[in-house]
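The values are calculated or read from the model by the stated rules, or taken from the named source; none is laboratory data. Not measured: the values here are computed from a predicted model. Note that we place each Cβ from the backbone using ideal geometry, even for glycine, and neighbour counts take in every protein chain shown.
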Amino acid sequence: MLQYMLMKIAIDLTQIPGDKTGMGIYALNLVREILYLNNTSNKFNIFFFAQDDDNEWQKLIDNNNNKQCHLITIKHSIFRKLIFRFFFEQILLPRKCKKLDIHTIYSFHYTMPYLTRIKRVVTIPDMTFYLFPELHQKIKRLYFKTLIPLSLKKCSKAITISESTKKDLIDRFPYMNPDKIAVIHLGVNINSPPAQAKEHLEKYGLQEKKYFLFVGTLEPRKNIPGIIEAFHHVINTNDNIKKDYKLVIMGKKGWFYQEIFETVKKYHLEESVIFTGYLGGEAKQALLAHAFLFVYPSFYEGFGLPVLEAMAFGVPVITGNVSSLPEVSGDAALLIDPYDWQEIAAAMQKLLSDQKLVKELSKRSLKQARRFSWRFTAEKTLALFDSLTENE
């Protein structure tokens, strides 16, 4: 009898790629904590929709062993393509949810089903398609700028992942009721460095605390050419630095990334700049844990999760003084103007020359990271779902 009394939630994970960055890391950790919390409360009957080539969701559900959580997969060979995934989201998903008597559909990434009366919650991670349209592919600009206003109009609640993004959203859509927007920060896991960290470093010819690190998709918004420009300046002011330190760029190729490689060639940095491609799991954790500094001068972020991931290992951070980045980093980072590579270079040199500052920022970083918890993210998300029944 209890099964029919539970609030039924559908969580759409079909937008999440197999190689998880940003929103993928958000989704994975949020689902893990939701499963844990629902085991305790037994309040929700949750249906997760995911692509069948991503077995991480299957592992999570199986390990959870909760009969109130169900995984429904769709064929990745068809629905990984944007046009067909849109068809699934708009036609097949709401039909399936209607049959299951779903109360609320939760969508992670800007869009959601529009032609349904089922309550819907959507996350709007950032406003880059409006603030920096030139940094996106034309098809994505058209797609998301058409559908985001529909999402805001049709949703029961919109989630933003920072106060900064909420402000940007209201500035762009002043008709939007602020009470309809919930700010739910992302979290981070505080872990010890992997036991096999040395092996991962040796694979790339790295030594502990002898490299600068960036983590993120290779795309214009991340300002990677600015990092390379600053690094070039720093290593050419001191022969020992040039000999001892590397710059590591960790992340998969996104779009409009050619300038990054052209900048490396321009300054003949092929031996000093290391591209690892996408890394996850222990390899990523190892390189994060043993970096001398983490540099993230993005032009705009809805949250800036890599900053928090570096801080969770006590790594000093250099990041932008724009958008959500000061909100996330607090007083634990050196804030710079991302449009000025000389400021980035000056921050790098400051850390190289001031060991006392390195230790202080390391201490502050750990303290700042502990303010963000995936458990709290999940608790606030489930509370939001629960609140949708209050006015019924």
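From the list Lys350, Lys367, Lys356, the lone residue that is at pLDDT 95 or above, within 28 Å of Lys209 (Cβ to Cβ) and in contact with a Gly (Cβ under 9 Å, 6 or more places away or on another chain) is Lys367.
One line per residue, one yes/no per condition, for (1) modelled with pLDDT of 95 or more; (2) outside the structural domain of Thr21 (by TED's automatic domain parsing); (3) among the aromatic types (Phe, Trp, Tyr):
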site	(1), (2), (3)
Ala230	yes, yes, no
Val248	yes, yes, no
Phe256	no, yes, yes
Phe261	yes, yes, yes
Ile274	yes, yes, no
His290	yes, yes, no
Ala312	yes, yes, no
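Taking (1) surrounded by 18 or more Cβ atoms within 10 Å (Cβ to Cβ); (2) modelled with pLDDT of 95 or more in turn, Ile235 satisfies each apart from (2). Being in a helix (DSSP H, G or I), surrounded by fewer than 14 Cβ atoms within 10 Å (Cβ to Cβ) and either in the same structural domain as Gly304 (by TED's automatic domain parsing) or free of Cβ contacts under 8 Å to residues at least 40 places away in the same chain (or both) is the requirement here; does Lys359 meet it? It is true that Lys359 is in a helix (DSSP H, G or I), surrounded by fewer than 14 Cβ atoms within 10 Å (Cβ to Cβ) and either in the same structural domain as Gly304 (by TED's automatic domain parsing) or free of Cβ contacts under 8 Å to residues at least 40 places away in the same chain (or both).
Mind telling me which of the residues Lys157, Lys96 ends up being within 21 Å of Ile16 (Cβ to Cβ), crowded, with 16+ Cβ neighbours inside 10 Å, at pLDDT 95 or above and more than 22 Å from the chain's Cα centre (by Cα)?
Just one listed residue meets the conditions, Lys96.
Please state which of the following conditions Gly314 fails to meet, knowing it meets all the rest: (1) assigned to a loop (DSSP other than H, G, I, E, B); (2) touching an Asp or Glu at 6+ places or on another chain (Cβ under 7 Å). Looking at each condition in turn, Gly314 falls short on (2).
When restricted to residues that are closer than 23 Å to Lys154 by Cβ, buried (at least 17 other Cβ atoms within 10 Å of the Cβ) and either touching a residue at least 24 places away in the same chain (Cβ under 8 Å) or touching a Pro at 6+ places or on another chain (Cβ under 8 Å) (or both), region 123-135 contains 6. When region 249-292 is examined, which residues are found to be in a helix (DSSP H, G or I) and within 16 Å of Glu202 (Cα to Cα)? Glu282, Ala283, Lys284, Gln285, Ala286, Leu287, Leu288, Ala289 - these are the residues of region 249-292 that are in a helix (DSSP H, G or I) and within 16 Å of Glu202 (Cα to Cα).
What do you reckon, is Gly304 in contact with a helix residue (DSSP H, G or I) (Cβ under 8 Å, 6 or more places away or on another chain) and on the phi > 0 side of the Ramachandran plot? Here the answer is yes, as Gly304 does meet what is asked.
Please work out if Glu208 is assigned to a helix (DSSP H, G or I) and either in contact with a Lys or Arg (Cβ under 7 Å, 6 or more places away or on another chain) or within 30 Å of Gln349 (Cα to Cα) (or both). Give the derivation first.
Details: assigned to a helix (DSSP H, G or I): no; either in contact with a Lys or Arg (Cβ under 7 Å, 6 or more places away or on another chain) or within 30 Å of Gln349 (Cα to Cα) (or both): yes.
The answer is no for Glu208.
Residues that are buried (at least 18 other Cβ atoms within 10 Å of the Cβ), touching a residue at least 40 places away in the same chain (Cβ under 8 Å), closer than 20 Å to Phe376 by Cα and aliphatic (A, V, I, L, M) within region 28-79 comprise Leu30, Ile34, listed in sequence order. When each of Pro316, Pro306 is tested for being within 18 Å of the chain's Cα centre (by Cα), more than 21 Å from Lys167 (Cβ to Cβ) and not aromatic (Phe, Trp, Tyr), the lone residue that passes is Pro306. From the list Glu282, Glu301, the one residue that fits, being within 26 Å of Asn189 (Cβ to Cβ) and buried (at least 24 other Cβ atoms within 10 Å of the Cβ), is Glu301.
Just to be sure I understand, how many residues within region 59-78 are closer than 18 Å to Leu37 by Cα and either hydrophobic (A, V, I, L, M, F, W, C) or in contact with a strand residue (DSSP E or B) (Cβ under 6 Å, 6 or more places away or on another chain) (or both)? Break it down into steps so the answer makes sense when it comes.
If we filter region 59-78 for residues that are closer than 18 Å to Leu37 by Cα, which is where we start, we get 59-71.
Pick out the ones that are also either hydrophobic (A, V, I, L, M, F, W, C) or in contact with a strand residue (DSSP E or B) (Cβ under 6 Å, 6 or more places away or on another chain) (or both) and you get 60-61, 68-71.
Residues flagged as closer than 18 Å to Leu37 by Cα and either hydrophobic (A, V, I, L, M, F, W, C) or in contact with a strand residue (DSSP E or B) (Cβ under 6 Å, 6 or more places away or on another chain) (or both) within region 59-78 amount to 6.
Within region 363-392, count every residue that is surrounded by 18 or more Cβ atoms within 10 Å (Cβ to Cβ) and over 30 Å from Leu6 (Cα atoms). Qualifying residue count, region 363-392: 4.
Does Leu288 fit the bill of being within 27 Å of Ile124 (Cβ to Cβ) and buried (at least 20 other Cβ atoms within 10 Å of the Cβ)? Steps first, answer last, please.
On the way: within 27 Å of Ile124 (Cβ to Cβ): no; buried (at least 20 other Cβ atoms within 10 Å of the Cβ): yes.
No, not satisfied.
How many residues, within region 75-104, are of a type outside the set (D, E, K, R) and touching a helix residue (DSSP H, G or I) at 6+ places or on another chain (Cβ under 6 Å)?
Within region 75-104, the subset of a type outside the set (D, E, K, R) is 76-79, 82-84, 86-88, 90-94, 97, 100, 102-104.
Right, trim to touching a helix residue (DSSP H, G or I) at 6+ places or on another chain (Cβ under 6 Å) and you get 78-79, 84, 88, 104.
Looking only at that region, the number is 5.
Taking the listed residues Phe48, Phe84, the one that is modelled with pLDDT of 90 or more, touching a Cys at 6+ places or on another chain (Cβ under 8 Å) and either assigned by TED's automatic domain parsing to the domain that holds His109 or closer than 19 Å to Pro125 by Cα (or both) is Phe48, with no other qualifying.
If you filter region 185-216 down to residues that are surrounded by 20 or more Cβ atoms within 10 Å (Cβ to Cβ) and hydrophobic (A, V, I, L, M, F, W, C), you find that the one that is farthest from Ser353 (Cα to Cα) is Leu186.
Mind checking whether some residue in region 161-172 is charged (D, E, K, R), surrounded by fewer than 20 Cβ atoms within 10 Å (Cβ to Cβ), touching a helix residue (DSSP H, G or I) at 6+ places or on another chain (Cβ under 7 Å) and under 24 Å from Lys222 (Cβ atoms)? Don't jump to the end; show me each part of the working.
To start, the set of residues in region 161-172 that are charged (D, E, K, R) comprises 163, 166-168, 171-172.
After this cut, where a residue has to be surrounded by fewer than 20 Cβ atoms within 10 Å (Cβ to Cβ) as well, the list is 163, 167, 171-172.
Of the ones still in play, those that are also touching a helix residue (DSSP H, G or I) at 6+ places or on another chain (Cβ under 7 Å) are 163, 172.
Filter once more, keeping what is under 24 Å from Lys222 (Cβ atoms): 163, 172.
Scanning region 161-172, I find at least one residue that is charged (D, E, K, R), surrounded by fewer than 20 Cβ atoms within 10 Å (Cβ to Cβ), touching a helix residue (DSSP H, G or I) at 6+ places or on another chain (Cβ under 7 Å) and under 24 Å from Lys222 (Cβ atoms), so the answer is yes.
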